[in-house]
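Every read-out reported here was derived from the displayed coordinates using simple, explicitly stated rules and does not represent laboratory data. The shown structure was predicted, so the numbers you read here are calculated from the model rather than taken from an experiment. Methodologically, a virtual Cβ is constructed for each residue, glycine included, from the backbone with ideal geometry; neighbour enumeration extends over all protein chains shown.
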Amino acid sequence: MARLHNFYWLLFIPIMAFGLHKYYISLTKVDYITDKKSVQVTLKFFLDDIELALENRYEQPLELATKYENDQAGKLLEIYVRQKFKIWINDKEYSYNYLGREYEDNEIYFYLEIENIEAISSIAVQNSMLFEEFEDQQNYIKINVGSTQKTFILVKANDKEMLKL
Amino acid sequence: MKKVTLCIVALLFSVMSFGQEKNTGEEKQQGHYNISKFRQLKQELPTPNVYRTASGAPGHEYYQQKADYKMDIVLDDENQRIYGGELITYYNNSPNDLEYLWVQLDQNIRAPDAKTEDVKAEGPAAYYKPKKFIEEFLGEPFQGGFHIDYVKNTEDGDLSHTINGTMMRIDLPEPLKSKDHISFRIKWWYNIPNHVVDGGRSGFEHFEDGNNDYVIAQFFPRMAVYNDVEGWQNLQFLGRGEFALVFGDYEVNITTPADHILDGTGVVTNRKEMLTPIQWKRYEQALKSYDKPVVIVTQEEAEENEKEVSKKTKIWKLKAENVRDFAFASSRKYILDGQAVKIGDRTVMAISLYPKEGNPLWEEYSTRVVANTLRSYSAQMFDYPYHKAISVHAKRQGMEYPMICFNYGRPKPDGSYSLRTRNGMIGVITHEVGHNWFPMIVNSDERQWGWMDEGLNTFAQMRAEQNFEPGFPSRGYPKNVVDYMSGDQSKITPIMTQHDNVYNSGANAYSKPAAGLFILREVVMGPDLFDMAFKTYAQRWKFKHPTPADFFRTMEDASGTDLDWFWRGWFYTTDYNDIGIKDIKKYKVSEEPTEKAKKLATRYRSSVEEVLGSSLYLVEIDPESSDDIEMMASVTDVPTLNAYLSDNFSKEERAAMRDTKYFYELIFEKPGGLVMPILAEITYADGSKENKYYPAEIWRFNDKEIKKILGSEKEITAIKIDPNGLTADVNPENNSWPKEKQESKFDTFKKEHVSQ
């Protein structure tokens, strides 16, 4: 119950934020590199949003990108991404290599890769990161496969999209 | 000289006829309106008039209404209610008679029949707090909203009134004549919402120790704005579009439990009676303490105070002049500290109110951040005109009122706090104290335009934050809006959109306008011209009601810079900036007429010699041949030029001339819809760098691609567009010549962090 309690109060942050300078947005790039036969995924989120979400999810301070960073932070971030970010290629869900994360200013990048993809006829992405925290979170997905480029905006009510080639 | 003129004439003809030839295709092109991105904003901006001039200043017949309030307020802590009575005196300074008045009833946003929830198009929420779930699906909704007991004239007669959602029309028996005033009384009460549970801009937080922290605003029926641009601004309050309010004087008596500490808008005229003698002594010390805050009500005193509940009451007396609103905060939990801040030749008090739950963060930062904001904003706009500025601790709030604001930033129960919490608190206090300038004093219409206060304030906030702590993670730089501006166009509105109807308020009303002003200051105008113009806007419109046109016009009028293209692109469209370096061509000097020159002569129906005489020509070097030797030769090797130099210049003069050896044609492309200056960093063979700046007007005649000829003493080895990320260029891939194979962040990361 304590954990739920923590969850609940966070729901109201977006309402309060009208007086503040916050907005809730992220960017995910999904690139198929033909000559490497590799699907490279780069996720970019606001660091403070991710930290807030994970601190409430795991009920411990993370202090991301500071010298006091929680030893478990890397592990918890990976678990979170794996739970919330899913990818299907040619109608088959793939598990991906989680290469790691890095910080830049107030942003956090995650790098994921799927290797040995010979050809792509469809690609679907589900990214529900932060939807449990922020009512108006928007996760942009930019997919690049060959000469095809497509941008989707995922929101809570619609957290998955597919590109057919 | 005559020949030069002839050449130009001939050139013009050639260009014109070339254009005509090109257009004789199969289908004849249609005409069009003026579609230049540099056309003036004549059709977008209202026609200047006696109220608002073409220069952006108030006109000679500018007027604004005034509303004075005398209020008696009771804060009922037992039932969390406000009871109020007010005498409003409304001055009609307009040239028009008014048949009715509009009064804002903002609390009605929480009334059970409010439209706020009805206009939201949303599916199920991710989670429901039980209280909220019951309110929504099982039981009765929160009984919020104003209960109006009466609206009476000063003779105690009822005034007919009609409530329409968050607005109330008072019908006058006789029209209120121009230059006349009217007084009337309203009595009301309402249930104070718990802002932690229900959200909203004011209310109370309930603590486990049984006490409440009240941050109270929108608590009284307030006059709507009547002016020359909107008539009555009576758009409904839906929750996002904030407030449009008139200036006036306030006398407010607030009855609270006897053990509460209260502060609010205006001078507390009986503060001495309200504090213990020792607290009053500390207060007087704080008035003289310029270097650090003095704690006036200590944590020890506050902890003692909050243990018991007094049944007695006391009355706080506040008086404020020339403010557009009134708010206060009250609790028996409050610690109070303050310090003096020198603003010009006046002393202003920076004050903080917070419960012990705010410490140790609040005692360390709040008042210092208030003081820094007062100093930085005063330097940027105008001296802070009021006598104090208060920062009140309120869980998850961030909301501004004249002289007082409610701010988040709560450490964990053990007193520890993350860097994020600390920086968030410093940012929010700076932002909300900063709102005293925009919109509390430079009183724009927030219901209509969120950006006029939020955007300008976010811009000023960046400098205040950097002043407080260099390197502070401010938002509102051009790089911060790249993702937003390059996003899905179906989810972006222009900045010039009514605030309730924008998709992404944070980006649209805060970061994008702030980044736009940053670009104007750092790239387009330069700090000197920008700062003077920005100050002029703030000073012209302080204690007045500006509109977007007044801002746009003043910025141009004071700086002598035509910015219509910038306002049009950045504020009126959703276009983004993408400028690239497409190609570079190398040229050499020749005496041999080029095809272009020959054509020109033919068009003038004469021989090259007759028209052009002994001229010089720039000839493109075939990139395939890479004829470096020819290119390296000094221009003085060209006999015509050498002879001319020898005949017309002394040896010393010749020695002083630049030894230009390299000639380049730079070809810039612009896939983006915005026009923007070109910032090009040129790297030479010796490793030195030079920054070239081409004003936005370089795009006047071709919005897609332009060329620029450049003579240089050194060989160019690389060119980079906007190397420091100052123009929110959304696509870095076309920003370099030679084309840098942009290593993606992914590849860089993989190379550095993953062992193969």
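Details
- Efficiency of FRET between B:Lys491 and B:Thr269 - r from beta-carbon atoms, R0 60 angstrom, step 0.05: 0.70
- The value given for the range B:440-545 is a Kirkwood hydrodynamic radius of 14.5 Å, derived from the mean inverse Cα-Cα separation.
- Whole-number percent relative contact order across the range B:245-390, with pairs defined as alpha carbons under 8 Å at least 6 apart: 30
- Along principal axes, Cα extents of the range B:181-234, largest first, whole Å: 50, 25, 12
- Alpha-carbon spread of the range A:2-164, three principal axes, descending order, Å: 46, 32, 28
- Listed pairs A:Lys75/B:Lys670; A:Lys36/B:Lys720; B:Lys179/B:Lys319; B:Lys588/B:Lys651; B:Lys115/B:Lys319; A:Lys75/B:Lys512 exceeding 32 Å between Cα atoms: A:Lys75/B:Lys670; B:Lys115/B:Lys319; A:Lys75/B:Lys512
- Sorting B:Thr660, A:Thr28 from the fewest to the most surrounding beta carbons within 10 angstrom yields B:Thr660, A:Thr28.
- Charge dipole of the range B:578-737 about the Cα centre (unit charges at C-beta), most positive-ward option of B:Ala601, B:Phe649, B:Ser712: B:Ala601
- Hz values of 3J(HN,Hα) by residue in the range B:730-736 - Karplus curve (6.51, -1.76, 1.60), Gly and Pro given as x: 7, 10, x, 5, 9, 8, 10
- Per-selection Rg to Rh, the range B:578-737 - Cα, Kirkwood hydrodynamic radius: 1.03
- The string of couplings for the range B:575-585 from the Karplus curve (6.51, -1.76, 1.60, θ = phi - 60°) is 4, 10, 9, 8, 10, x, 9, 7, 6, 10, 10 Hz, one whole number per residue in order, with x for Gly and Pro.
- Segment B:Glu140..B:Glu713, full-extension length gain: 198.2 nm, with 0.36 nm per residue of separation and the alpha-carbon distance subtracted.
- Tilt relative to chain A, helix A:47-58 - C-alpha long axis, 0 to 90 degrees, to 10: 70
- FRET efficiency, A:Arg82 to B:Asp209 (Cβ-Cβ, R0 35 Å, nearest 0.05): 0.25
- Cα long-axis angle, helix B:361-380 against chain B (0 to 90 degrees, to the nearest 10): 50
- Whole-Å distance, taken between Cα centres, linking the range B:355-434 and the range B:144-222: 28
- Principal-axis analysis of the Cα atoms of chain B puts helix B:277-286 at an angle of about 10° to the longest axis.
- Charge tally around B:Glu713: other residues with Cβ under 13 Å, Lys/Arg +1 each, Asp/Glu -1 each, net -1.
- Estimated dipole of the range A:2-164 in Debye, rounded to 20 [Cβ of Lys and Arg +1, of Asp and Glu -1, Cα centre]: 540
- The charge dipole of the protein assembly as shown, taken about the Cα centre with unit charges on the Cβ atoms of Lys, Arg (+1) and Asp, Glu (-1), comes to about 720 debye, rounded to the nearest 20.
- Using alpha carbons only: equivalent-ellipsoid semi-axes of chain B, gyration tensor based, whole Å: 62, 30, 25
- Our coupling estimate for the range B:685-697, obtained by passing each phi through the Karplus curve with A = 6.51, B = -1.76, C = 1.60 and θ = phi - 60°, is 4, 7, x, 6, 10, 9, 9, 9, 10, 10, x, 4, 4 Hz, Gly and Pro reported as x.
- Net charge of the neighbourhood of B:Ile343, taken over other residues with C-beta under 10 Å away and scored Lys/Arg +1, Asp/Glu -1, is +1.
- The range B:344-428: radius of gyration and largest Cα-Cα distance (Dmax), Å: 13.2, 42
- Distance in nm between pseudo-label sites at A:Asp91 and B:Glu78 (7 Å out along the Cβ direction from Cα): 7.1
- Euclidean distance between Cα centres, the range B:703-734 to the range B:225-248, Å: 46
- Whole-angstrom gap from the range A:88-152 to the range B:643-677, using each part's C-alpha centre: 49
- Stokes-Einstein D for the range B:142-288, Kirkwood Rh over Cα pairs, 25 °C, 0.890 mPa s (µm²/s): 130
- log10 of Debye I(q)/I(0), alpha-carbon scatterers only, for the protein assembly as shown at 0.05, 0.07, 0.08 Å⁻¹: -0.37, -0.69, -0.86
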